[in-house]
Amino acid sequence: MRASHFNRAVLTLVAVTVLAAFSSCAKNEPRPRNAEKDSVAAIAAAAPQRTITIAGFNTLHFGWKDNKNKDMDAFCETLANYDVVGLLEVMKPELLGDVETRLKTLTNVEWKHVVSFEKLGRTTYREYYAILYRADRSTFLQGSAYIWNDVGDKFEREPFYASFKSDSFDYTIILMHSDFDSDKEVMRREARHLSGVFKAVQDADPKENDVLLIGDFNLSASDQGWDKLKSLLTVANLLPATTLTTINSTGKPSSAYDNIWIQRQFTEWEFAGTANADYCFDKVFSNSTNPGKAWRQKVSDHVPVYAVFYTDKADDD
């Protein structure tokens, strides 16, 4: 997707898989993964046509304390189920090299990533966005990554977006991690402004309209804050608004904060009809008496959300 005048280009970092791990966690060999037992991988494998699985995941401070408090085996076994995954709350993007090394061990293919050059946020707490992808199934379109030019400071963390191509399916991912406040109007204001972001990114290239808005919005898709985005013709959330995507302190799914949005008139052709939250803790912590609680303590307080798309259909944009 070509850049428009209202966006500022940011330097993107496309990392090639390396053979040495970048963090102390790399000393531990990844646990073997049986893809046949993985529900997300099984869904994609069962599709009669070529597909990719695109996900979004709030990582809960990836990189803090060099990930010593994270179970990196469980983290990477989960990411290996997807082909492209947008990551939120990335604190140290340089540690993504360790993830790519582990993912290559698990999948036998190279992984790469694109990361926002700037750490985003209004206060001393700031985050990066990153998009990990299997190099054999997707290609990053060079020069297509941008941070939204947030005139008027409407967002706590400006959206980040980048474009990719998988076979015949070319698409742009917008990542967003919304502000959180006890006052829902804070999140609603950001959701309303996302309608302008979605339309502007889509309109930047009249020949390309497949846009996926993925993120942790701290707001259910049924909330009134989304009315403006939904007013764009055929824009819809792929996960039902009742799908719980966070994990509470007892290990149970709770709030419906994460979702994936598309404009069906353009992307319905490629959407394979499958989108959900991945309650992966039951697999990666199957030996735990409380897998959900183990996931929250060792990986994240969110679960990934994903959708499956055909890649071998004629691009209809």
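The values are calculated or read from the model by the stated rules, or taken from the named source; none is laboratory data. On a predicted model such as this, the values are computed, not experimentally measured, just so you know. Cβ placement follows ideal geometry from the backbone for every residue including glycine, while neighbour counts extend to all protein chains displayed.
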Within segment 113-155, how many residues turn out to be basic (Lys, Arg) and either surrounded by 21 or more Cβ atoms within 10 Å (Cβ to Cβ) or at pLDDT below 95 (or both)? 1
Considering only residues that are over 15 Å from the mean Cα position of the chain (by Cα), small (Gly, Ala, Ser) and over 22 Å from Asp312 (Cα atoms), which ones fall in segment 132-169? Gly143, Ser144, Gly152
Anything in segment 35-90 that is at pLDDT 95 or above, in a loop (DSSP other than H, G, I, E, B) and of a type in the set (A, V, I, L, M, F, W, C)? List them, or say none. Ala80
When segment 259-317 is examined, which residues are found to be among the aliphatic types (A, V, I, L, M) and modelled with pLDDT of 95 or more? Ile260, Ile262, Ala272, Ala275, Ala277, Val284, Ala294, Val299, Val303, Val305, Ala307, Val308
When segment 104-128 is examined, which residues are found to be under 17 Å from Thr139 (Cβ atoms), in contact (Cβ under 8 Å) with a residue 60 or more places away in the chain and outside any strand (DSSP E or B)? Glu110
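Before we move on, is Thr172 on the phi > 0 side of the Ramachandran plot and either under 18 Å from the mean Cα position of the chain (by Cα) or in contact (Cβ under 8 Å) with a residue 12 or more places away in the chain (or both)?
On the way: on the phi > 0 side of the Ramachandran plot: no; either under 18 Å from the mean Cα position of the chain (by Cα) or in contact (Cβ under 8 Å) with a residue 12 or more places away in the chain (or both): yes.
No; evaluated as a whole, the condition is false for this residue.
Look at segment 130-139 and say how many of its residues are more than 17 Å from Ile214 (Cα to Cα), outside any loop (DSSP other than H, G, I, E, B) and of a type outside the set (D, E, K, R). Spell out the reasoning first.
So in segment 130-139, the residues more than 17 Å from Ile214 (Cα to Cα) come out as 134-139.
Within this subset, residues satisfying the condition of being outside any loop (DSSP other than H, G, I, E, B) are 134, 139.
Cutting the leftovers down to of a type outside the set (D, E, K, R) gives us 139.
Result for segment 130-139: 1.
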Mind checking which residues of segment 185-195 are surrounded by 15 or more Cβ atoms within 10 Å (Cβ to Cβ) and over 30 Å from Ala314 (Cβ atoms)? Val186, Met187, Arg188, Arg189, Glu190, Ala191, Arg192, His193
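Suppose we filter Glu110, Glu89, Glu77 for residues that are under 26 Å from Val151 (Cα atoms) and either among the acidic types (Asp, Glu) or surrounded by fewer than 19 Cβ atoms within 10 Å (Cβ to Cβ) (or both); which single one remains? Spell out how you get there, then give the answer.
Details: Glu110 fails: under 26 Å from Val151 (Cα atoms); Glu77 fails: under 26 Å from Val151 (Cα atoms).
The conditions single out Glu89.
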Any residue in segment 151-166 that's more than 18 Å from Glu118 (Cβ to Cβ): show its pairings with residues that are of a type in the set (Lys, Arg) at Cβ separation under 8 Å, as long as the two are six or more apart or on different chains. Ser166/Arg137
